[in-house]
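The values are calculated or read from the model by the stated rules, or taken from the named source; none is laboratory data. No experiment lies behind these values; they were computed from the predicted model shown. Counting neighbours? That spans all protein chains shown, and the Cβs are built from the backbone with ideal geometry, glycine included. Each accessible area value is taken on the protein alone, full model and side chains, heavy atoms only, with ligands, DNA and RNA left out. Shrake-Rupley method; radii C 1.70, N 1.55, O 1.52, S 1.80 Å.
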Amino acid sequence: MKRGKKRSETGRDFARLNIGNSRLGRGKNVKSKNSHTCSRNAGRTSRFPVGSPRTGAESNGGGDKSPPAVCQIVGYKNSGKTTLICGLIPLLQRHGCTVAVIKHDAHDYEMDHPGTDTWQQRQAGASAIAITSGRKTSVIEERSSSLAELISAFSSYDYVLVEGFKHEAYPKIVLVHNEEDLSLLNNAQNKVAAAFWEEMKDNVWIEPGIRQFSINDSAAIADFLWQQRNYFQNFNI
């Protein structure tokens with residue numbers, strides 16, 4: 001395969017991308033605010049700890065109703081999606097950001113356990129149950145939810161990282177583990193970057209404008225998400 005030309009890892013390369021419809025303009029230079037904290041937190045001190053969503057006035061900084069930055073992490077099985085996301089979460093939190101994760105499961109799953117009160121209530125026919133404590137809240141509904149619905153439910157967080165949902169249209173980082181993953185890399189809609197496993201990084205040509213990372217360089221990927229957060233916030237599908 002033809003080896004791809006190395007790209008500069010500056011924000012200017014990303015800003016030249018002609019991908020998607022940004023509210024800031026297709027293909028225009030999209031710059032982030034030069035701050036060291038999440039833009040939705042900038043200029044104020046939150047009384048909520050890192051990792052807690054904000055609600056009401058705290059969620060929008062007293063009027064700033066910017067949406068969360070949404071990025072899909074896509075790849076086939078065993079490409080490293082979960083590992084990468086788990087690496088990105090604490091790196092984004094260092095900027096004072098709250099991070100939510102949405103995962104797609106192609107099969108049925110069960111988070112509840114036989115014998116619990118909520119399990120018994122669902123077995124009795126409840127279409128939805130919610131349980132909350134002083135530290136956490138869980139909701140289980142006996143229906144599927146669209147990605148847009150789930151993102152809307154997480155609108156009070158700074159970042160929403162989406163694992164899977166390959167056919168959705170949000171900005172994507174594509175993980176490439178082996179040659180079977182190249183079809184996804186070539187066909188994924190609105191891809192903004194690719195993360196390569198070591199054995200693939202020198203063997204793939206990738207179209208100009210797509211950022212390239214090592215699958216193990218979660219720090220560089222987190223920095224990319226941070227520097228370009230306004231793009232991920234304002235992307236129109």
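Below is a table of values for the structure above.
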quantity: Options ASN236, ASN190: the member that is in contact (Cβ under 8 Å) with a residue 40 or more places away in the chain, in contact with a strand residue (DSSP E or B) (Cβ under 8 Å, 6 or more places away or on another chain), open to solvent by 10 Å² or more (accessible area, probe 1.4 Å) and on the phi > 0 side of the Ramachandran plot; calculated: ASN190
quantity: Single residue of segment 71-97 satisfying the filter (open to solvent by 10 Å² or more (accessible area, probe 1.4 Å) and of a type in the set (A, V, I, L, M, F, W, C)) that is farthest from the chain's Cα centre (by Cα); calculated: LEU91
quantity: Qualifying residue in segment 210-228 (condition: buried (at least 19 other Cβ atoms within 10 Å of the Cβ), assigned to a loop (DSSP other than H, G, I, E, B) and touching a Cys at 6+ places or on another chain (Cβ under 6 Å)); calculated: no
quantity: Pair list, Cβ under 6 Å, 6 or more apart: segment 152-164 residue within 12 Å of LEU225 (Cβ to Cβ), other residue among the small types (Gly, Ala, Ser); calculated: TYR159/ALA69; VAL160/ALA100
quantity: Yes/no for VAL162 being of a type in the set (Val, Ile, Thr) and out of contact with any Lys or Arg (no Cβ under 7 Å at 6 or more places or on another chain); calculated: yes
